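Chemist: Below is one structure. I have some questions about it.
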Amino acid sequence: MPTAGAMTLMFIGVILFAIILFVTCFKRQVGRMKDRSRRDPHIPGSEAKKALRREIERRLDRVAEIYYEPKLLTLEIDNRANSDLPPYYFRMKAVDNMKYLEQELSSLEGVGVRGSRESIRAFLMNLTNPGSVLAVVEPRIIHELCDYYDHARYHPMQFTVAQFTPYHSLLLRILHW
């Protein structure tokens, strides 16, 4: 005759086995019902004709390729007095200045346009190769400039005039090599 402790242990084991069996069967049944169902609300155009469904999928796939870097500062914000500047002003100015540098470099002969997904650091470092436009610029300067740019663009801390001033001087050194 088993003791009370053994009976309790067997009872808990049977309950755990029943729960595992129930969860497994329930999960299997839900999977079967989902596979049988032709209507899946998360797929746009799932009930459309084949040609229309392909067109919808093609357009949805195209969305990931869209990339645009707008000019952030307008003339009215750029011409404000220093006391009225919003806290994000220098961050936006740094991003716009890098876009200006990129436009100036791409207007030179032998320099292509940076790809929409290409890193600005990789773009500038490619221009430091011997015989390229920025061959005389030290890579250290480009790395510092890109570090400031990354801070301005992606870092959550404020980008103030204290960070913008060295960034701008590095940018001018590259522009007027």
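Quick note: the coordinates plus some simple rules give every number you see, no bench work behind them. Computed from a predicted structure; not experimentally measured. Here the Cβ is made from the backbone with ideal geometry for all residues, glycine too, and neighbour counts use every protein chain on show.
Chemist: Multiply the residue gap between S106 and N126 by 0.36 nm, knock off their C-alpha separation, and tell me the result in nm, one decimal place.
Modeler: Stretched fully, the S106-N126 segment lengthens by 5.9 nm.
Chemist: Could you point to the residue in I19, A122, I56 farthest towards the positive end of the chain's charge dipole, with +1 and -1 charges on the Cβ of Lys/Arg and Asp/Glu respectively?
Modeler: I19
Chemist: Here is a further query. Total Lys pairs in the chain closer than 29 Å by alpha-carbon, pairs eight or more apart in sequence or interchain only? Working shown, then result.
Modeler: Details: K34/K49; K34/K50; K71/K93; K71/K99.
Going through the chain pair by pair, I get 4.
Chemist: For the chain, set up a Gaussian network in which alpha carbons nearer than 10 Å are linked by springs, and say which option among E118, E65, E47 fluctuates the most.
Modeler: E47
Chemist: Among L127, L172, what is the fewest-to-most ranking by other Cβ atoms within 10 Å?
Modeler: Least crowded to most crowded, the residues run L172, L127.
Chemist: Report, in order of residue number, the helices in the chain meeting two criteria: a C-alpha extent of 18 Å or more along the helix axis, and a mean Kyte-Doolittle hydropathy of at least 1.0; treat each whole DSSP H run as one helix.
Modeler: Passing helices, by number: 4-36.
Chemist: Could you check which residue among L21, L108, L145 shows the biggest mean-square fluctuation in a GNM of the chain with a 10 Å Cα cutoff?
Modeler: In this elastic network of the chain, the residue with the biggest mean-square fluctuation among L21, L108, L145 is L21.
Chemist: Just want the answer: with Cβ charges of +1 for Lys and Arg and -1 for Asp and Glu, which residue in G131, L171, G5 is farthest toward the dipole's positive end in the chain?
Modeler: The residue sitting farthest along the positive end of the dipole is G5.
Chemist: Residues with beta-carbon under 15 Å from that of L134, excluding L134: net charge, scoring Lys, Arg +1 and Asp, Glu -1?
Modeler: Here the count lands on -1.
Chemist: Right, here's the next one. Show me, bin by bin at 10 Å from 0, the whole-percent P(r) of the stretch 89-169 based on Cα pairs.
Modeler: 17, 51, 28, 4
Chemist: Which value results when the Cα radius of gyration for the chain is divided by 2.2 N^0.38 Å?
Modeler: Normalised Rg, Cα atoms only: 1.92.
Chemist: Magnitude of the Cβ-charge dipole of the chain, K/R +1 and D/E -1, about the Cα centre, nearest 20 debye?
Modeler: It comes to approximately 1400 debye.
Chemist: Only four residue types carry charge here, +1 at the Cβ of Lys and Arg and -1 at the Cβ of Asp and Glu. Report the dipole size of the stretch 75-175 about the Cα centre in Debye, rounded to the nearest 20.
Modeler: 180
Chemist: Test of understanding: ordering C146, C25 by Cβ neighbours within 10 Å, fewest first, what list do you get?
Modeler: In order of increasing Cβ crowding within 10 Å: C25, C146.
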